[in-house]
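Any read-out appearing in this document is the output of simple, stated calculations on the displayed coordinates, not a laboratory observation. Just so it is clear, the model here is predicted, and its values are computed rather than measured. Glycine gets a Cβ as well: all are built from the backbone with ideal geometry, and neighbour counts include every protein chain shown.
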Amino acid sequence: MVTHPVKRIDFIIFLFLIIFGCFAMNFTPPEKEERLKAIGNLNELPESLKGLFKEGESFKPIPFPNPGDWLYEHPESGQTYKDYINSNPNKPDSKRNKIYLKPLGSFPEGASPSLGKLKEYVSAFFSSEVELLPLFDIKDAKLTTRINPYTERQQILTTDILNLLKKNLLDDAFCLMAITMEDLYPHQTWNFVFGQASLRERVGVYSFARYDPAFYGKERGKDYKKLILWRSCKVLAHEIGHQFGIEHCIFYGCVMNGSNHLQESDARPHHICPVDLRKLQYSVEFDIVERYKKLQQFYEECGFEKEVNWVRERLKEILKNE
Ligand SMILES: [Zn+2]
Ligand SMILES: [Zn+2]
């Protein structure tokens, strides 16, 4: 029997699509059953907490990633609540419980987020004591730098900063986070990085340089100061979340979602999903409603309307379930 050539071509195209499809798209958003499994067994919780980690209307499943998005490029398997507990994460205790923020280099007025506001946000988000350290002059440290060939701007090597931070960790520090308006790179082969952390050593560094539209030669809108603060708060919540041992979230739209580009980090929400809220609450043991109220107050002060509305709806949902 002779195979019909057209059919054979169809078959080859079909095979190509299967093979190409497997390589191009190997992350599928988890179904509801898997998401609930990630939150874990709520029956083991005290009565007062049981209703607070339900999926509810406030939390949306993670969307399918597009080419170039984090999960498209790095199909991670996710960390359930149980995985988190089994990983024996760093947990604040009576000796080590303070989050330190260390500004590196200058924070020019009008082009930087307010350090006071960042401190306030981290304190509300993690329900923890936060101390802002004095500004550190980068010229005093021997840090490796380079000029980025695309932006023609100076960048600092993150690993040098992390080594410096490790030597400066105070006894009561849960973690020490350097923040800077300088652009960063983690390795010679990378174009740039928004931030990098060493989780076991409780240090990290984050740059807000690329949160200013002017960095890309774009015009700053009239709300650009709010935009810089909004983006900077979000990256701090994400990166300090890692310090608590929380890995990238693959279950819901969540501040712990990985991000490959600015558009993707802008699209992820400011809040943490029920899986990661349960992890953080286990770690810090805060009152969930009180935490939401503090966040709402902060968002109101900053004019972050979308976030104010989200917390308001979430609080309504919690009170309805009680
Ligand atoms: Zn991350
Ligand atoms: Zn999450």
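Converting the Cα gyration tensor eigenvalues of region 100-156 into ellipsoid dimensions via √(5λ) gives semi-axes, longest first, of 27, 14, 11 Å.
For region 32-37, putting each phi into the Karplus relation 6.51 cos²θ - 1.76 cosθ + 1.60 with θ = phi - 60° gives couplings of 3, 4, 5, 5, 5, 5 Hz, in residue order, rounded to whole numbers and with x for Gly and Pro. The residue list 206, 248, 224 was ranked by how far each Cα lies along the charge dipole of region 195-269 toward its positive end, using unit charges on Cβ atoms, and 224 comes out on top. With an a/c value of 1.5 or above and a/b larger than b/c for the gyration tensor axes a ≥ b ≥ c computed over the alpha-carbon atoms, region 88-192 is described as prolate.
Please report the spacing between the Cα centers of region 33-85 and region 255-322 in Å, no decimals. Each part's Cα centre sits 14 Å from the other's.
Which of the residue pairs 119/139; 95/279; 82/102; 50/225; 54/306 have a Cα-Cα distance greater than 28 Å in the structure shown? Intermediate values should be presented prior to the final figure.
Values: 119/139 24 Å; 95/279 20 Å; 82/102 33 Å; 50/225 39 Å; 54/306 22 Å.
Flagged as over cut-off: 82/102; 50/225.
Each of residue 293 and residue 117 was given a label point 7 Å from its Cα along the Cα-to-Cβ line. The distance between the two points is 2.5 nm.
Using a ≥ b ≥ c from the Cα gyration tensor of the chain (square roots of the eigenvalues), is it rounded, prolate or oblate, where a/c under 1.5 gives rounded and otherwise the larger of a/b and b/c decides, a/b for prolate? Write down the numbers at each step before the final one.
On the way: a/c = 1.74, a/b = 1.18, b/c = 1.47.
Oblate shape, in that a/c is at least 1.5 and b/c is the bigger or equal ratio.
Of all DSSP bridge pairs formed entirely within the chain, close to 30 percent run antiparallel. Mean sequence separation of contacting Cα pairs (under 8 Å, at least six apart), scaled by the length of the chain, corresponds to a relative contact order of 22 percent. Using the rule -39500 (n - 2.57) for each DSSP H run of four or more residues, divided by the residues of the chain, the 222 nm mean residue ellipticity is -12500 deg cm²/dmol.
First select every other residue whose beta carbon is under 10 angstrom from the beta carbon of residue 65; then total the charges, Lys and Arg +1, Asp and Glu -1. It works out to a net charge of -3.
For region 38-104, give the magnitude of the charge dipole about the Cα centre (Cβ charges: +1 Lys/Arg, -1 Asp/Glu; no others), in debye to the nearest 20.
Details: 9 positive and 9 negative charges, 106 e Å.
In total the dipole reaches around 520 debye.
Placing pseudo-labels 7 Å out from each Cα toward the beta carbon at residue 151 and residue 316 gives an inter-label distance of 4.0 nm. Selection among 43, 122, 260 by position relative to the dipole of the chain gives 260 as farthest towards the positive end (Cβ unit charges, Cα centre). Summary of packing: across the peptides 31-37, 70-76, 157-163, the per-residue average of other C-beta atoms within 10 Å ranks them, highest first, as 157-163, 70-76, 31-37.
Note on residue 163 and residue 48: the extension gain reaches 37.1 nm, defined as 0.36 nm multiplied by sequence separation minus the Cα-Cα distance. Placing pseudo-labels 7 Å out from each Cα toward the beta carbon at residue 85 and residue 34 gives an inter-label distance of 2.2 nm.
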